[in-house]
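The values are calculated or read from the model by the stated rules, or taken from the named source; none is laboratory data. From a predicted model like this one, the values you see are computed outputs, not experimental measurements. Ideal geometry is used to build each Cβ from the backbone, glycine not excepted, and the neighbour counts take in all protein chains shown. Please note that ligands, DNA and RNA were not included when accessible areas were found on the heavy atoms of the full protein model with its side chains. Shrake-Rupley method; radii C 1.70, N 1.55, O 1.52, S 1.80 Å.
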Amino acid sequence: MAIYLKKGASAEAKASTDRQVRDSVEAILADIEARGDDAVRELSIKFDKWDRDSYRLTSDEIQACIDQLSPQDLHDIEFAQTQVRNFAQIQRDSIKDVEVETLPGVVLGHKNLPLNAAGCYVPGGKYPLLASAHMSVITAKVAGVPRVVTCAPPFQGKPAPAIVAAQALAGADEIYCLGGIQAVAAMGLGTQSIAPVDILVGPGNAFVAEAKRQLFGRVGIDLFAGPTETLVIADETVDGELCATDLLGQAEHGPDSPAILLTTSEALARDTMREVERLLAILPTADHARKAWENFGEVIVAADDAEMVRIADDIASEHVQVMTRDPDYFLKNMTNYGALFLGPRTNVSYGDKVIGTNHTLPTKKAARYTGGLWVGKFIKTCTYQRVLTDEASALIGEYCSRLCALEGFAGHGEQANIRVRRYGGRNVPYAGVAEPSEATRVHA
């Protein structure tokens, strides 16, 4: 049975915070829906101290941001974007249209159609997270979305050059310097100056995530997102410094980011806890990471690998770093995770920034029912059918008529019956109960 050497905040404490966020977001969305651009401007001034006539950046402003970066900066961004684009294209190529004759004269198929407009939120108020531009914009473009809109908040009082450059190089069609709930609402609901989109994607803080959740249904969203989560699964084949580094590397996202060590070695668990304290004394982002570790960090010692799989699937973490004697055991047996990072040579930061897989991943146990952002999120798989012969229509019609009668759907039944009469030459009763009068009979 597993031993918890350290536990995080209770579910009740987390729920209380969620309720406060939910109420605030609901009021702000209603205001933006009612007043549009005026409400967006007031919120931008209030929360970001940022005001201008238009929040959309001009081509000259975009180029000025690109020009501020060094050749090495631009090369590094382009390298990362190439990796993301390559893997997204591999995913897109795996999605096939189909058409098949399932019965003689009956043709069924589906087409994969890109959405018409996507809104990509790129967080950047605390850190300029330019990687989120690669993950959302490039993925949408590879999927074939013709209009991709991006929003990122100002960073230190102006557009963040690296984020703007990443958005532009990724292929964004409209780039706005706008953050928070007001950005998500402007893209999702539309305003006088911003046309609405069909789907909202990208990570953000609790307020951005809640705004997306409340807008779901009016627009699509990539997934329900919460604070960054990391789970390190390890055994005695690695050391506490490596485990502590991988835990704190994600805990620095924010003071509410869960970081969990799951191990079969109590010695490693205690060594990791000591290393966490040592690293927190020197980590530049220790303010955020310490709060996350103290309030949401956990250390769990399990009996064996099988128990670690059971616990990990229950946690359903966004990121799962596996550093054990046999990492593939977890690839074969785990079912609930956002992304797996197998072996000590890789890590979550690679996935976050550059290796090519998407870093927008499910949190708050959503990994039980969804994966992360990928090209398929920007594509609708739409079916169609074609009946080529009279015989096929009459055959399907007879089955359909009887099934409709079982459900009591007379109108549905008549859709089938009229085709049996016309194409099968059989005089089935109108709506399955009686012949129509001459006045109402529909003649072939």
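Brief remarks follow.
- Here the Karplus relation 6.51 cos²θ - 1.76 cosθ + 1.60, evaluated at θ = phi - 60°, turns the backbone of segment 29-39 into coupling constants of 4, 4, 5, 5, 5, 6, 10, x, 4, 4, 5 Hz, with x for every Gly and Pro.
- Selected from 423, 121, 176 as most flexible by GNM, with the chain as the system and alpha-carbon contacts under 10 Å: 423
- Largest GNM mean-square fluctuation across 125, 179, 157, computed for the chain with C-alpha springs under 10 Å, falls on 157.
- Residue by residue, segment 152-157 carries 3J(HN,Hα) couplings of 9, x, x, 10, 6, x Hz when phi is fed to the Karplus relation 6.51 cos²θ - 1.76 cosθ + 1.60 (θ = phi - 60°); x denotes Gly or Pro.
- Net charge of Cβ neighbours under 10 Å - reference residue 214; Lys, Arg +1; Asp, Glu -1: +2
- Remark: segment 373-381, residue by residue, has Karplus-estimated 3J(HN,Hα) of 5, 7, 4, x, 5, 9, 10, 9, 9 Hz, where x stands for each Gly or Pro and the curve is 6.51 cos²θ - 1.76 cosθ + 1.60 at θ = phi - 60°.
- Prolate is the label for the chain, because the ratio a/c of its alpha-carbon gyration tensor axes (a ≥ b ≥ c) is 1.5 or higher and a/b is greater than b/c.
- Segment 258-318 and segment 88-148 have Cα centres lying 35 Å from one another.
- Per residue accessible area in Å² of the chain, where ligands, DNA and RNA are left out and the probe is 1.4 Å: 48 Å²
- GNM on the chain, alpha-carbon springs under 10 angstrom: the most fluctuating residue among 68, 385, 91 is 385.
- Placing a pseudo-label 7 Å from each Cα along the Cα-to-Cβ vector at residue 350 and residue 53 gives an inter-label distance of 5.0 nm.
- Rounded FRET efficiency, nearest 0.05, which uses the C-beta distance separating residue 10 from residue 195 and R0 of 60 Å: 0.85
- Taken along the Cα-to-beta-carbon direction at a fixed 7 Å, the label points for residue 307 and residue 291 span 3.5 nm.
- Carbon and sulfur %, accessible surface of segment 23-81 computed with the full protein complex present, 1.4 Å: 50 percent
- Ranked by the mean number of other Cβ atoms within 10 Å of their residues, highest first, the peptides 53-63, 192-202 fall in the order 192-202, 53-63.
- Portion, in percent, of the accessible area of segment 263-394 that falls on carbon or sulfur, probe 1.4 Å: 50 percent
- Amide H to amide H, with H built 1.01 Å from N, residue 363 comes under 5 Å of 226, counting only residues 5 or more places away or on other chains.
- From its DSSP helices (H runs of at least four residues, each -39,500 (n - 2.57)), the chain gives a residue-normalised ellipticity at 222 nm of -14000 deg cm²/dmol.
- To put it simply, the accessible area of segment 95-210 at a 1.4 Å probe is 59 percent carbon and sulfur.
- Under 5 Å, built H, 5+ apart or other chain: amide partners of residue 193: 37
- For the chain, a simple Cβ point-charge model (Lys and Arg +1, Asp and Glu -1, everything else neutral) yields a dipole of about 1020 debye relative to the Cα centre.
- Gained length - residue 33 relative to residue 74, 0.36 nm times residue gap less alpha-carbon distance: 10.9 nm
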